[in-house]
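Asker: Below: one structure in structure tokens.
Any read-out appearing in this document is the output of simple, stated calculations on the displayed coordinates, not a laboratory observation. None of the values given here were measured: they were computed from a predicted structure. All Cβ positions, glycine included, derive from the backbone under ideal geometry; neighbour counts span all protein chains shown.
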Amino acid sequence: ETGVTQSPTHLIKTRGQQVTLRCSSQSGHNTVSWYQQALGQGPQFIFQYYREEENGRGNFPPRFSGLQFPNYSSELNVNALELDDSALYLCASSPFVAGGLDEQFFGPGTRLTVL
Amino acid sequence: AQSVTQLGSHVSVSEGALVLLRCNYSSSVPPYLFWYVQYPNQGLQLLLKYTTGATLVKGINGFEAEFKKSETSFHLTKPSAHMSDAAEYFCAVAYSGNTPLVFGKGTRLSVIA
């Protein structure tokens, strides 16, 4: 069973640029959540996708957007990068269990540095 | 809104000593509670979780945590620290099974030989 994978591992961008981060969910999982982990902080929820639709969003501006594909892989797009966007971006996949607990399995993350 | 407070951003223990990492949460309903570990340059690994039932939860690598509703706490313990336990530990809470996780700021555990 393949776990959650993310690409790229590291990325350096300059302020104002756009970036796309990718996530492949674990086999059998139809839900993907994205988190931002700034240095020295806990992860913060960005948004979640379930069956290709956004299914909840945290307190992040619209320049953070996402996609989920039919194979349940996902992309996180960030436009007009700011210095404060520098962080570890974590993707987590889970099987949607109605009325139960969706245990989230995390990928290794993408380290984004904005200069 | 839910929140999680981890007391102590950095805890240092000697090898073989008791590990105690503190976590308090705010929630108006019984929550799901989690502890995750993060090693340098890696993602999050689930140590243990509380959903319902027994309040003492055992996890991987000898860790356990006790849910105390009256104290709104979910402290993580391990009887004897090992060098390999040195990492960042995060407590997290969720309102329900399908809601996003709310994390604390983390506690860095150092183990001294």
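Asker: Once Lys and Arg get +1 and Asp and Glu get -1 on their Cβ, which of A:Leu90, A:Val78, A:Gly56 lies farthest toward the positive end of the dipole of chain A?
Answerer: A:Val78
Asker: Can you give me the distance in nm between label points at B:Ser80 and B:Ala113, each placed 7 Å from the Cα along the Cα-to-Cβ direction?
Answerer: 1.9
Asker: A:Leu67 versus B:Ile60, label points 7 Å from Cα toward the beta carbon: distance in nm?
Answerer: 3.3
Asker: Same structure, new question: Determine ³J(HN,Hα), in whole Hz, for all residues of region A:21-30 in sequence, where each value follows from phi through the Karplus function 6.51 cos²θ - 1.76 cosθ + 1.60 and θ = phi - 60°; x replaces Gly and Pro.
Answerer: Result, ordered by residue: 10, 10, 9, 10, 7, 5, 3, x, 9, 10 Hz.
Asker: Once each part is reduced to its C-alpha centroid, what is the distance from region A:44-115 to region A:4-19 in angstrom?
Answerer: 13
Asker: Sorting check: for A:31-38, A:105-112, which peptide has the highest mean count of neighbouring beta carbons within 10 Å, and how do the rest follow?
Answerer: Answer by packing, highest mean first, reads A:31-38, A:105-112.
Asker: Next up: Using only C-alpha atoms and all pairs of different ones, pull out the Kirkwood radius for region B:49-113 in Å with one decimal.
Answerer: Evaluated on region B:49-113, it is 13.3 Å.
Asker: Starting at the first residue of region A:84-95, write each ³J(HN,Hα) from the Karplus equation 6.51 cos²θ - 1.76 cosθ + 1.60 with θ = phi - 60°, in whole Hz, x for Gly and Pro.
Answerer: Result, ordered by residue: 5, 7, 4, 5, 8, 9, 10, 10, 9, 10, 7, x Hz.
Asker: Separation between the B:Ser96 and B:Leu46 pseudo-spin-labels, each 7 Å from Cα along Cα→Cβ, expressed in nm?
Answerer: 1.9
Asker: Find, among the GluC sites (Glu not before Pro) in region A:1-90, those assigned to loop by DSSP (not H, G, I, E, B) with at most 10 other beta-carbon atoms within 10 angstrom.
Answerer: The qualifying sites are A:Glu1.
Asker: A further question follows. I'd like the Kirkwood hydrodynamic radius of region A:22-74, using the inverse of the mean 1/r over distinct C-alpha pairs, in Å.
Answerer: 11.6
Asker: Restricting to Cα pairs below 8 Å that are 6+ residues apart, what does the relative contact order work out to for chain A? Please round to a whole percent.
Answerer: Rounded, it is 36 percent for chain A.
Asker: Also, I was wondering about something else. Could you give the alpha-carbon Rg of chain B over 2.2 N^0.38 Å, rounded to two decimals?
Answerer: Relative to the 2.2 N^0.38 Å estimate, chain B comes out at 1.01.
Asker: Calculate the mean, over all residues of peptide A:102-109, of how many other protein chain Cβ atoms lie within 10 angstrom of the residue's Cβ. Numbers along the way, then the final one.
Answerer: On the way: counts 7, 6, 8, 4, 8, 3, 4, 5.
Mean shielding count: 6.
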